[in-house]
Amino acid sequence: MQTHMILVAQAMRILSTAALWLAGSGLILMTVFISGQVFMRYVMNDSLVWSEPASVILMGWFIFLGAAVGIREGYHLSFDVLLHFLPQGAKLVLFSISDAVVAFFGAGMAWYGSKLALSAWDVILPSLGISGAVDFLPLVGGGCLIFIFSIERLVRRAAGLPTVRFGDDTVEEV
């Protein structure tokens, strides 16, 4: 099982890296859009009507993609006072409960984000000329990744492989 999990972990690392690069690219692109808007408004005395809604959509993507990567890599803060007093087995149970709750949260984001996207499918965003469903797609994409990465953490732990948590010195090698 560990051999298969190593292959899955490598695929998840590639997916996580791609999500991180997309999030970073979205942040840069949003900065370019807003800078262009400032230049056009204050120097050229004309506005780019599409820059703000496009930037908000990009912001949704880089926030939710970054959050999903943070979950996979254990970068999110946690309240660990009780964990200092528990034996390792109990800690692993609580880590698994936490990852399961986060997985359900990601699934809920994807499910309800999909419902919102479908409800806005026929609405056209006037400044962009695209479907209003695009506003909710970051919820769906981010929710799916949060679910997948949380399940990966649960399966890794069940296979006896390490999972990193915020503040750990060790780095995931597998």
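Summary table
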{"item": "Residues of segment 135-145 that turn out to be open to solvent by 40 Å² or more (accessible area, probe 1.4 Å) and assigned to a helix (DSSP H, G or I), as a count", "result": "4"}
{"item": "Cross-chain or 6+ apart pairs with Cβ under 7 Å, segment 48-66 first and under 17 Å from Met109 (Cα atoms), then among the acidic types (Asp, Glu)", "result": "Ile57/Asp135"}
{"item": "Condition check for Thr3: modelled with pLDDT of 95 or more, surrounded by fewer than 13 Cβ atoms within 10 Å (Cβ to Cβ) and more than 25 Å from Gly132 (Cα to Cα)", "result": "no"}
{"item": "Qualifying residue in segment 13-34 (condition: crowded, with 19+ Cβ neighbours inside 10 Å and within 22 Å of Leu154 (Cβ to Cβ))", "result": "yes"}
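Table: residues versus (1) surrounded by 13 or more Cβ atoms within 10 Å (Cβ to Cβ); (2) out of contact with any Pro (no Cβ under 7 Å at 6 or more places or on another chain); (3) within 30 Å of Arg157 (Cα to Cα).
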residue: Val43; (1), (2), (3): no, yes, no
residue: Gly60; (1), (2), (3): yes, no, no
residue: Gly89; (1), (2), (3): no, yes, yes
residue: Ile97; (1), (2), (3): no, yes, yes
residue: Phe105; (1), (2), (3): yes, yes, yes
residue: Gly113; (1), (2), (3): yes, yes, yes
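The values are calculated or read from the model by the stated rules, or taken from the named source; none is laboratory data. Keep in mind that this is a model prediction, so the values were computed, not measured. Glycine also receives a Cβ, built like all others from the backbone with ideal geometry; neighbour counts cover every protein chain displayed. Side chains are part of the model used for accessible areas, which takes the heavy atoms of the whole protein and leaves out ligands, DNA and RNA. Shrake-Rupley method; radii C 1.70, N 1.55, O 1.52, S 1.80 Å.
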